Each structure stands twice: as C-alpha cells, then as structure tokens.
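Enquirer: Sharing a structure below in structure tokens format, with a few things to ask.
The values are calculated or read from the model by the stated rules, or taken from the named source; none is laboratory data. A quick note: this is a predicted structure, and the numbers were derived from the prediction, not measured. Note: ideal-geometry Cβ built from the backbone for every residue, glycine included; neighbour counts use all protein chains shown.
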Amino acid sequence: MEKGLKKLVILMMAVSFLLAGCNGDKSKEALAQVNSGDVSSIMISEKDDFFSPDIIRDLEKYLQQGETIREGLKKSGIVTFAENGAIQSISQVSLSSAFSWGLELNNKKLGKDKLDTVLKENDEIGISIEPTGQKKPEKADLEPEYTVLKLNGGTIEPGLTHTYILPFSENESVRAILQSMDFIELTMNKRFIDSVKGYSPKSIEKWVIKVNGKELGENGMDMRLAPADEIEIKLERS
C-alpha cells in the first residue's frame, strides 16, 4: 500500500512538471507573438544623411502595415505637415521654398496626395530632397545643390536647435547667408552674430560659427561656400 502511494505521488509530480513545461512554452510563444507585433516590417531609406539611425528607427516603428503613411508619420511626432498636406519638416529639418521632401514607395515616386496610401508588409519608403519650380536640375540624375544652416542651442537653449536647407548660390559667402535669414542679427560691423531668434548671449556665452565642423576665425564670414557646405551656429559658454 505504501509503495503504491509513493508511485502515485511520483506520477503526480511528473505530470505537474510536464504541465508546467507546456504552460511555460505557451507563455513564451505568446510573448514572442506580442513582441513580434511591435516590430515594423516597413523600412525607410534616406540618401541625404540628415537623420541619425535612431530617427530612422523611430519613424519605422510608427509606420505599420494596414495604416496610411500619413497616419504613421503624424503619430511619430517627428514629422510636421503644412496646411496644404505636404511635409513641412522632419526631425527639426526644414526646407526653403526652393525644395520639397520627396517620397518614394518601393522605388516609385509618391506625390503628396498619395500619403494616404495604406502600407503593406515589407514596403520600403525612400526620403530625399527635391528641387521645386525652376530650380530643378537640367539632367534628372543631377542632385539638387543646397547649403545647410544649422542652429545649435546646445544645452543652454535647446529650443533654438533647428536645421534649414537653403538653395546654393555661386560665390555666396557665409555673411551673405546669415544676412539673408530674418531671424539672425549681426553686429553693427557685420563681423559677428548679435542674436538668433531674439536670443543674445549672456556675458558667459558666445556664438561660435563653424563650416563643415571647423570654427571660423575673425574674418571667416568672407569664406565662399561650395554646394552642400554646412554652416553651424552654436551657442557655447565662453
């Protein structure tokens, strides 16, 4: 009798272990299904390299199959739209009226009126900068020429941080670019920056001007720019 009870107890323990294992496998399977649902199958490519891999991943996360492109971009909080429905800015990058954001879906050009296209599994969206109006290159394979103006408020005034894509003009100087922006005020002698978007540096702060990562000297504003040059105005502590 005692041996029979021992066998019964052992049998019950074995069954319990088996059931626990099955339930564990089911839990893992369910968790895997939930996690896989969080991963978007939509891919984004961007040829102008204005956006970090983190920004691209964040955009991809909000673009889901079964939803429209516009819905995903709006939900991301990274993309803003103009009143006419066109993309206005992406990750604090704005284009002058000479350019517009070009979108492709699976290597086919997508007009702004097609942003309500419903996404399918493994769709790929391409983002690029395109010239508008009379600024289009004579040859289709030529890239648009532009100048990049980057405001960098750093940790002092992060709200100032923004990037502007401007049309390139032959023999244009750094000073000419800065003078053309209505939110930048130069000093009386036009050699230094006085204020940006109404902000003037405090006594322990200063504006630093860089072109392609190199700080300009006292007479650096006379520097002539080449296509795709980046002017950075950075607020730093003295």
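Enquirer: Test of understanding: among Ile127, Ile165, Ile177, which residue is farther than 26 Å from Glu205 by Cβ and assigned by TED's automatic domain parsing to the domain that holds Ile209?
Expert: From the options Ile127, Ile165, Ile177, the qualifying one is Ile165.
Enquirer: Collect the residues in the range 196-228 that are among the polar types (S, T, N, Q), under 24 Å from Tyr146 (Cα atoms) and surrounded by 11 or more Cβ atoms within 10 Å (Cβ to Cβ), keeping them in residue-number order.
Expert: Passing the criteria: only Asn212.
Enquirer: Which is surrounded by fewer than 17 Cβ atoms within 10 Å (Cβ to Cβ), part of a strand (DSSP E or B) and free of Cβ contacts under 8 Å to residues at least 24 places away in the same chain, of Lys61, Lys109?
Expert: On the way: Lys61 fails: part of a strand (DSSP E or B).
Result: Lys109 is the single residue among Lys61, Lys109 that is surrounded by fewer than 17 Cβ atoms within 10 Å (Cβ to Cβ), part of a strand (DSSP E or B) and free of Cβ contacts under 8 Å to residues at least 24 places away in the same chain.
Enquirer: Same structure, new question: Is it fair to say Ser238 is more than 29 Å from the chain's Cα centre (by Cα), exposed (fewer than 13 other Cβ atoms within 10 Å of the Cβ) and among the polar types (S, T, N, Q)?
Expert: yes
Enquirer: Does the range 164-180 include one or more residues that are within 19 Å of Leu95 (Cβ to Cβ), acidic (Asp, Glu), in contact (Cβ under 8 Å) with a residue 12 or more places away in the chain and surrounded by 15 or more Cβ atoms within 10 Å (Cβ to Cβ)?
Expert: yes
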